[in-house]
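The values are calculated or read from the model by the stated rules, or taken from the named source; none is laboratory data. No experiment lies behind these values; they were computed from the predicted model shown. Cβ coordinates were reconstructed from backbone atoms using ideal geometry, including for glycine residues, and neighbour counts include every protein chain displayed. SASA here: full protein model, heavy atoms, side chains in, ligands and nucleic acids out. Shrake-Rupley method; radii C 1.70, N 1.55, O 1.52, S 1.80 Å.
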Amino acid sequence: MTPLIAIAAEAVEQKSAEVTDWAGRIGWVAGLLIFIALVYWLMRQGWKWRGSLQSDLPELPTAPAGTGPATLTLSGRYHGSTTAGQWLDRIVAHGLGTRSRAELTLTEAGITVGRPGANDFFLPVGALREARLDKGIAGKVLAEGGLLVVTWAHGDKLLDSGFRSDRAAEHTAWVEAINSMINTTEGIAR
């Protein structure tokens, strides 16, 4: 027999292996789903633990009845709050870690942050420390200057809160108005 015929005869005699091992495949899929569920549960527990660590943070202030006429308004997104100067240390207590749509209104009394589906809060002018353009806050990184970050005092902590307008060109006007208001308020206090 020639080598070619021998190889062909051997190939005919061999039986092909089973293509699918259903029991093994189902086992792997079930294991993967259990692993994903475990990771999700651990992330949720970490979020709750972080909230309990930050339980010393006082309740969020609400807007007083007469805040005056609106100087500026902004429609966009609230991306979260962090400890001032530490852009990865997210604050989750009192709903500050919840991303949401946001409607900001700047008045002479401060900034009202309206968030549908999340807790609204108010940043009184006396608590404001700085406004700046930045590129990131915990979990969100944008192009340079794509984020309006307002630094404010809450209890004994300084917080940075990040906002992104639907029209990014508005950010500069907000930074100027807030910083001007802070400087004016500091001048009156002295």
List every residue pair whose Cβ atoms sit under 9 Å apart, with the two residues 6 or more apart in sequence or on different chains, where the first one lies in the stretch 45-74 and is among the acidic types (Asp, Glu) and the second, anywhere, is part of a helix (DSSP H, G or I) and open to solvent by less than 70 Å² (accessible area, probe 1.4 Å). Asp56/Ala93; Glu59/His94
Quick count over the stretch 88-109, residues being outside any strand (DSSP E or B) and buried (at least 21 other Cβ atoms within 10 Å of the Cβ), is 2
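Per-residue answers, yes or no, for (1) out of contact with any Asp or Glu (no Cβ under 7 Å at 6 or more places or on another chain); (2) under 26 Å from Ala168 (Cα atoms); (3) hydrophobic (A, V, I, L, M, F, W, C):
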position	(1), (2), (3)
Trp41	yes, no, yes
Gly51	yes, no, no
Ser55	yes, no, no
Ala65	yes, no, yes
Gly95	yes, yes, no
Leu104	yes, yes, yes
Thr107	yes, yes, no
Restrict the check to the stretch 147-162 and report whether at least one residue is of a type outside the set (Asp, Glu), farther than 19 Å from Thr83 by Cβ and at pLDDT below 90. no
Residues that are within 18 Å of the chain's Cα centre (by Cα) and not small (Gly, Ala, Ser), at least 2 per element: which strands (runs of 3 or more DSSP E) completely within the stretch 111-190 meet that? 128-134, 147-154, 157-165
Where residues in the stretch 149-162 are touching a residue at least 60 places away in the same chain (Cβ under 8 Å) and of a type in the set (A, V, I, L, M, F, W, C), which of them is surrounded by the fewest Cβ atoms within 10 Å (Cβ to Cβ)? Leu158
Every residue in the stretch 25-69 that is open to solvent by 60 Å² or more (accessible area, probe 1.4 Å) and not in a helix (DSSP H, G or I), please. Ser55, Asp56, Glu59, Thr62, Pro64, Ala65, Gly66, Pro69
Take the residues of the stretch 113-143 that are out of contact with any helix residue (DSSP H, G or I) (no Cβ under 6 Å at 6 or more places or on another chain), under 21 Å from Thr62 (Cβ atoms) and loosely packed, with under 15 Cβ neighbours inside 10 Å: which is modelled with the lowest pLDDT? Gly117
